[in-house]
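Inspection log for the structure reproduced underneath, given as structure tokens.
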Amino acid sequence: MKIHEYQAKELLKGYGIPIQDGVTIENLDQAEAAVDRVHKEFGADQYVVKAQIHAGGRGKGGGVKFSTTRESALENIQNILGMTLVTHQTGAEGRLVKKVMVAEALDIKQEFYAAITLDRSKGLDVFMVSTEGGMEIEEVAKTSPEKIVREAIIPGFGLRNFQARNLVLALGLEGAAAKQARGIFKKLYQLYRELDCSIVEINPLIITDQGDVVALDAKFNFDDNALYLHSDIAKMRDLDEEDPAEVEAEKFNLNYIKLDGSVGCMVNGAGLAMATMDIINQVGGSPANFLDVGGGANVETVKNGFRIILSDENVKAVLINIFGGIVRCDRIANGIIEAVKELDLNVPVVVRLEGTNAEMAKEILANSDVAIISADSFADAANKVVEAAKG
């Protein structure tokens with residue numbers, strides 16, 4: 001689960017990490033009060049207006065504006081709130097801005113990058129810093145990987161003092177700023193562990209002209225499987241920022257992720273779903289989604305799966321690839337027939353069923369009066385669905 005910048009900053013603040021503070025609003029009627037509050041509470045005479053969406057690159061897309069006066073802040077709020085913001089992470093369709101943060105403007109002396117995530121290759125948390133703050137870290141990793149310094153953290157030990165010192169030295173910090181940064185890094189790792197984050201990122205972490213170390217922006221992702229432990233964080237979820245089809249799939253306990261292709265996939269089991277997407281790519285097609293209907297698939301599961309897949313207008317054909325282990329293939333076949341009839345599908349459907357009662361299922365499909373393309377093997381199914389999508 002992702003959260004907004006203003007929410008991430010509230011969590012940082014709760015752990016004693018200095019932030020660029022501000023006020024978040026959802027409609028223009030709140031604009032004047034928000035600017036006046038930032039002036040009164042934080043002593044700000046200049047402001048930064050920031051669009052609150054779950055995507056990076058907001059500044060380049062026009063979603064972050066420096067405002068030298070109260071009047072320019074109000075004008076920027078009016079321009080940003082309600083705009084469709086397009087960044088490299090939103091796609092061409094962009095994202096509607098429903099919230100903006102009015103923050104105090106700070107004098108920036110230096111910018112850094114700091115983040116913690118799991119290094120899956122090592123099975124360890126890794127704390128990363130870079131002197132290239134404010135830039136896209138993916139680009140830094142590609143062009144100047146030596147500028148990213150990492151410290152792997154051994155479970156049970158936490159971020160140790162010598163590791164915090166190493167990170168601070170890598171940023172070239174000295175004196176009071178170095179001491180502040182060491183404390184911030186220790187608290188940041190404590191937050192990361194205690195809140196079951198999958199990533200925490202501060203970009204940029206700045207030193208102000210006054211010598212203070214401050215989190216200017218923040219991005220947090222959380223492990224969905226641990227949210228039941230953090231009801232306060234679960235309440236921060238913003239469904240408007242998530243794909244509607246993925247939200248709908250969650251209601252039916254379906255694991256769905258939208259992709260950019262034209263072949264819809266309905267599969268049981270995450271491993272088989274991954275293999276299905278791979279073979280579609282190998283034979284010249286492109287999957288439109290990852291959809292794992294799980295081991296207990298039934299008629300309703302198949303219907304809901306179809307509805308969600310076909311909510312994507314890019315889908316030109318659907319592949320149903322089921323291995324009957326826990327679930328019987330004849331049960332799936334009946335579900336497919338009922339779903340096709342009820343939903344009046346207008347795209348080709350290719351079906352490959354193997355496992356328990358597979359022969360019975362093929363007979364049920366063959367004797368049905370619905371237009372289904374039967375496949376005998378994994379490769380046969382992939383070739384047929386890719387051809388169907390092209391045709």
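Using alpha carbons only, how many degrees (0 to 90, rounded to 10) separate the axis of helix 175-194 from the longest principal axis of the chain?
Its long axis makes an angle of about 30 degrees.
Normalised by the number of residues in segment 96-211, what is the relative contact order in percent for Cα pairs under 8 Å and 6+ residues apart?
Details: 156 pairs, mean separation 43.0, N = 116.
Value for segment 96-211: 37 percent.
Compute the angle between helix 299-310 and the longest alpha-carbon principal axis of the chain, please, reported from 0 to 90 degrees and rounded to the nearest 10.
Around 60 degrees separate the two axes.
Out of residues 5 or more away from residue 109 or on other chains, whose amide H comes under 5 Å of its own, with H placed 1.01 Å from N in the peptide plane?
Amide H neighbours of residue 109, under 5 Å, 5+ apart: 207, 208, 209.
Return the loop-located trypsin sites (Lys or Arg not before Pro) in segment 181-263 (DSSP other than H, G, I, E, B) with at most 14 other Cβ atoms within 10 Å of their own Cβ; answer none if there are none. Don't skip to the answer; put the middle values down first.
Numbers: sites: 182, 186, 187, 193, 219, 235, 237, 251, 258; in loops: 235, 237.
Of the trypsin sites (Lys or Arg not before Pro), the ones in loops of segment 181-263 whose Cβ has at most 14 other Cβ atoms within 10 Å are 235.
Grab the beta carbon distance between residue 187 and residue 42, set R0 = 22 Å, and tell me the FRET efficiency rounded to 0.05.
Working: r = 21 Å, r/R0 = 0.97.
The pair residue 187/residue 42 has a calculated efficiency of 0.55.
State whether segment 243-390 is rounded, prolate or oblate according to the following rule on the C-alpha gyration tensor (a ≥ b ≥ c being the square roots of its eigenvalues): a/c under 1.5 gives rounded; otherwise a/b larger than b/c gives prolate, and the remaining case gives oblate. Don't jump to the answer; show the numbers that get you there.
Numbers: a/c = 1.31, a/b = 1.14, b/c = 1.15.
Note, shape of segment 243-390 comes out rounded.
What translational diffusion coefficient, in µm²/s and rounded to a whole number, does the Stokes-Einstein relation yield for segment 134-227 at 20 °C and a viscosity of 1.002 mPa s, taking the hydrodynamic radius as the Kirkwood radius over Cα pairs?
Numbers: Rh = 14.6 Å.
My calculation gives 147 µm²/s for D.
Restricting to DSSP loop positions (anything but H, G, I, E, B) with no more than 16 other Cβ atoms inside 10 Å of their own Cβ, which GluC sites (Glu not before Pro) remain in segment 169-249?
Counting only loop positions with at most 16 other Cβ atoms within 10 Å, the GluC sites (Glu not before Pro) in segment 169-249 are 174, 242.
Give the angle, between 0 and 90 degrees and rounded to the nearest 10, that separates the Cα long axis of helix 378-390 from the longest principal axis of the Cα atoms of the chain.
80 degrees
Once you order the gyration tensor axes a ≥ b ≥ c over the Cα atoms, which shape class does segment 200-329 get: rounded for a/c under 1.5, otherwise prolate or oblate by comparing a/b with b/c?
Details: a/c = 2.73, a/b = 2.00, b/c = 1.37.
Taking the square roots of the gyration eigenvalues as a ≥ b ≥ c, segment 200-329 is prolate.
Tell me, what ³J(HN,Hα) does each residue in segment 276-284 have, in order and in whole Hz, if you take phi through Karplus 6.51 cos²θ - 1.76 cosθ + 1.60 with θ = phi - 60° and put x for Gly and Pro?
5, 5, 4, 6, 4, 5, 5, 9, x
At a temperature of 20 °C and a viscosity of 1.002 mPa s, determine how fast segment 283-341 diffuses translationally according to Stokes-Einstein, using the Kirkwood radius over alpha-carbon pairs as Rh; express D in µm²/s, rounded to the nearest whole number. Don't jump to the answer; show the numbers that get you there.
Values: Rh = 12.2 Å.
Value of D from the Cα-based Kirkwood radius: 175 µm²/s.
Please compute the net charge surrounding residue 324, taking Lys and Arg as +1 and Asp and Glu as -1 over other residues with Cβ under 13 Å from its Cβ. Intermediate results must be reported in sequence, preceding the final value.
Working: positive: 328, 331, 352, 362; negative: 330, 354, 359.
Residues near residue 324 contribute +1 overall.
Which net charge results for the neighbourhood of residue 252, defined as the other residues with beta-carbon distances under 13 angstrom from its beta-carbon, given Lys and Arg at +1 and Asp and Glu at -1? Intermediate values should be presented prior to the final figure.
Details: positive: 251, 303, 307; negative: 246, 248, 250, 292, 300.
For residues surrounding residue 252, the net value is -2.
All of the numbers you see were taken from the coordinates with simple rules; none came from a lab. These figures come from a predicted structure and were not determined experimentally. All Cβ positions, even for glycine, are placed from backbone atoms using ideal geometry, and neighbour counts span all protein chains on display.
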